[in-house]
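Peer 1: Attaching a single structure in structure tokens format; questions to follow.
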Amino acid sequence: MLRRAGLILSAVLMGVLGLLPTGAPAQAASVTVTNATQFTDTTGAVVHAHGGGVIKVGSYYYWFGENRNADNSFKYVSVYRSTDLKT
């Protein structure tokens, strides 16, 4: 009985995975980044996204990362949105 349930669950998961959209990997234009400089957002505020990651959804890239207080304790998670990872 468990084997049959496992086979049914596998078939359902494969069907769901088949519905997910597939596409080409995200690619951004080549940009030179200078070390020891702070990134700023479109308002000129310093970007805080330490230990972050980037995902692409539709035509936007989202950069998530940690923002810390002056005493280095956790403050919150910041998120930034860009169409080209440069601006």
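Every number in this text was worked out from the coordinates using simple rules, so none of it is lab data. Quantities reported herein were computed from a predicted structural model and do not represent experimental measurements. Neighbour counts run over all protein chains shown; Cβ positions are idealised from the backbone, glycine included.
Peer 1: Give, as a single signed number, the net charge of other residues whose beta carbon lies under 14 Å from the beta carbon of Y62, with Lys and Arg counted +1 and Asp and Glu -1.
Peer 2: 0
Peer 1: Extent of the range 41-87 along each principal axis, from alpha carbon coordinates, in Å, largest to smallest?
Peer 2: 36, 21, 11
Peer 1: Once phi is turned into ³J(HN,Hα) by the Karplus curve 6.51 cos²θ - 1.76 cosθ + 1.60 with θ = phi - 60°, what whole-Hz value does each residue of the range 51-64 show in order, with x for glycine and proline?
Peer 2: Once θ is set to phi - 60°, the couplings for the range 51-64 become x, x, x, 10, 10, 10, 10, x, 9, 10, 9, 10, 10, 9 Hz.
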